[in-house]
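Quick note: the coordinates plus some simple rules give every number you see, no bench work behind them. If you're wondering where the values come from, they're calculated on a predicted model, not measured in any experiment. Note that we place each Cβ from the backbone using ideal geometry, even for glycine, and neighbour counts take in every protein chain shown.
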Amino acid sequence: MRMKGDSLLAPFGMLGRSAVDTAAQIGRWGGLASNTIRALPRIGIWGRLLLGQMARIGVDSVPIALFIATFTGVVMALQASYTFTGAVPLYFVGTLVGKTMVLELGPVLTGLALSGRVGANIAAELGTMRVTEQIDALETLAYDPVAYLVVPRILAGILMFPIVVILATSVGIAAGWLTSLQLLDMSTAEFMKGLRLFFEPWDVQFAVIKSLSFGLTVTSIGCFFGFTTEGGAEGVGTSTTRAVVVSSMVILVLDAFWAATLL
Amino acid sequence: MSIILKEVHKAFGDNQVLRGFSLEVRDGETLAVVGQSGVGKSVALKHVVGLLTPDEGEVWVDGQQVEKLSQEELYEVRRNVGYVFQFAALFDSLTVGQNLGLGLRRIKGMTDEKIRTRVRECLSLVELEGFEDRYPAQLSGGQRKRAGLARAIATEPKYLLYDEPTTGLDPVTTTVIDRLIIRTREELKVTSVVITHDMDSAYRVADRIGMLYEGVIRFMGTPEEIQACTDPVVRGFIEGKPELLEGAG
């Protein structure tokens, strides 16, 4: 009887352990966040590293962001035209492409792509540094590892994500426009009419706020999982996977949160 | 006494590694701590620079209790301690010269020219002249260990901590590293703690040898004294006879 009771309770035990583990992880993330804020005044350490991280996190991410945005713009224009099929004036293709790229697809697709490229890169790099004692070595050289490794990456993410998103969104809209000209027999004037129709300057601010939060999410989660890596190569692999999965999930949750609170 | 660990206890989950570990390192001496792999030698060493904090007990360096120091005070202590890591822990993304210069940049008044000069001096001391621009991936295992030692001595520390400095090296390179440890002590007058499980190396470099067993120092004495020790645990370890260790357990 006792064994039967134990087996019935087992799922609750697992659920409880999982909840405790998750709470502990959030607590440790909070600890790293507070250390990061405390490390901000150490400009002497992170200041000269910031430009390099901006190049790695931002400039190096531009090609993949533009690639994704280009094809998204093309598909958006074609699908809009297919959906409207005469019932809606064709210039609404411009409206749909512009509005969707600015409000949703530009920030979110770029954020998800960069959670793979940037988040995985940070988690793998810091995780390898952790398991090969390079982070311990930094500490023995009297460096605050958070100021040296975490602060420049997070700041670079916050500063560069909006720039990459603006570039990607612009290229996505341009791709939609070119598709409309070449494949949908639309004129530039028609496309622009649609693009301007429901355009609000606030949309751009909304996209920038979203991409700032995505930059913070991807880099801080990548740093967290990298910093807390344990074990050897397997540990680095686990941290990298978790960084990508968790930051992708948080991006989608934040996407819904901003839509609910700001629109 | 310059480095003192008093009754240090440390556990990782259910694994109780240190169970009242005590150690006193005298000024200017080289003390080797020997013991089987996984017995907690590196764990003990990391307490000295505050990389780990004890669950119980005290760690003192230069008259300061390490676990009670603020972050800034801890950095001051660390500036006086050079740490040579088991696998060198050189920063992959930096050249050897940049690795050595990193600690120097934290010292006030160090110009780029002074840093370059000091880097050259340290590389010369470990016989790696001309290696400034190479990356760690371009070095052999022995060269990495030497570069790690050069980085540790670059800031002219009072104390040097060596974590398994000869592990994984061939006998010739092991002797080269041992000679460097002796030369470093003689030229820089540093106090050193060497963690190792290589008894030949311990005999060569150490003034005293302590054996760590089941979380405490089982034996402490000079190389001659440990060789004459009749404790079966000590004999089993230095002679490489597990049956003696099992019999004692």
**Asked** Are there any helices (runs of 4 or more DSSP H) wholly within segment A:116-209 with 2 or more residues that are closer than 30 Å to B:Gln98 by Cα, in contact (Cβ under 8 Å) with a residue 40 or more places away in the chain and in contact with a helix residue (DSSP H, G or I) (Cβ under 9 Å, 6 or more places away or on another chain), and if so which?
**Response** A:120-131, A:151-183
**Residues located in segment B:63-76, provided they are touching a helix residue (DSSP H, G or I) at 6+ places or on another chain (Cβ under 8 Å) and either of a type in the set (Lys, Arg) or at the interface with another protein chain (Cβ under 9 Å from one of its Cβ atoms) (or both)** = B:Leu74
**Request:** State which residue is nearest to B:Pro165 (Cα to Cα) when the search covers only segment B:87-96 and only residues that are in contact with a helix residue (DSSP H, G or I) (Cβ under 6 Å, 6 or more places away or on another chain) and facing chain A (nearest Cβ under 7 Å).
**Result:** B:Ala89
**Asked** With A:Gln79, A:Gln53 as the choices, which residue is loosely packed, with under 15 Cβ neighbours inside 10 Å and in a helix (DSSP H, G or I)?
**Response** A:Gln79
**Message:** Can you tell me which residue is nearest to A:Val150 (Cα to Cα) among those in segment A:56-65 that are of a type in the set (A, V, I, L, M, F, W, C) and crowded, with 18+ Cβ neighbours inside 10 Å?
**Reply:** A:Ile57
**Request:** Could you look through segment A:111-153, keep only residues that are small (Gly, Ala, Ser), buried (at least 24 other Cβ atoms within 10 Å of the Cβ) and under 13 Å from the mean Cα position of the chain (by Cα), and pick out the one that is nearest to the other protein chains (Cβ to nearest Cβ)?
**Result:** A:Gly119
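Here's the yes/no breakdown for (1) within 13 Å of another protein chain (Cβ to nearest Cβ); (2) in contact with a Leu (Cβ under 9 Å, 6 or more places away or on another chain); (3) within 15 Å of B:Gly82 (Cβ to Cβ); (4) surrounded by fewer than 20 Cβ atoms within 10 Å (Cβ to Cβ):
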site: B:Gln98; (1), (2), (3), (4): yes, no, no, yes
site: B:Ile107; (1), (2), (3), (4): yes, no, yes, yes
site: B:Glu129; (1), (2), (3), (4): no, yes, no, yes
site: B:Gly142; (1), (2), (3), (4): no, yes, no, yes
site: B:Arg146; (1), (2), (3), (4): no, yes, yes, no
site: B:Leu149; (1), (2), (3), (4): yes, yes, yes, no
**Prompt:** Are any residues in segment B:34-62 closer than 19 Å to B:Met199 by Cα and more than 14 Å from every other protein chain (Cβ to nearest Cβ), and if so, which ones?
**Reply:** B:Val34, B:Gly35, B:Gln36, B:Ser37, B:Gly38, B:Val39, B:Gly40, B:Lys41, B:Ala44
**Message:** Suppose we filter A:Thr85, A:Thr100 for residues that are surrounded by 15 or more Cβ atoms within 10 Å (Cβ to Cβ) and among the hydroxyl-bearing types (Ser, Thr, Tyr); which single one remains?
**Reply:** A:Thr100
**Message:** On the basis of being touching a Lys or Arg at 6+ places or on another chain (Cβ under 9 Å) and either more than 30 Å from B:Val84 (Cβ to Cβ) or within 14 Å of chain B (Cβ to nearest Cβ) (or both), does A:Val97 make the cut?
**Reply:** no
**Prompt:** Restricting attention to segment B:198-208, and to residues there that are part of a loop (DSSP other than H, G, I, E, B) and closer than 15 Å to B:Leu161 by Cα, which single residue is nearest to the chain's Cα centre (by Cα)?
**Reply:** B:Ala206
**Message:** Quick check on A:Thr70: is it in a helix (DSSP H, G or I) and in contact with a helix residue (DSSP H, G or I) (Cβ under 6 Å, 6 or more places away or on another chain)?
**Reply:** yes
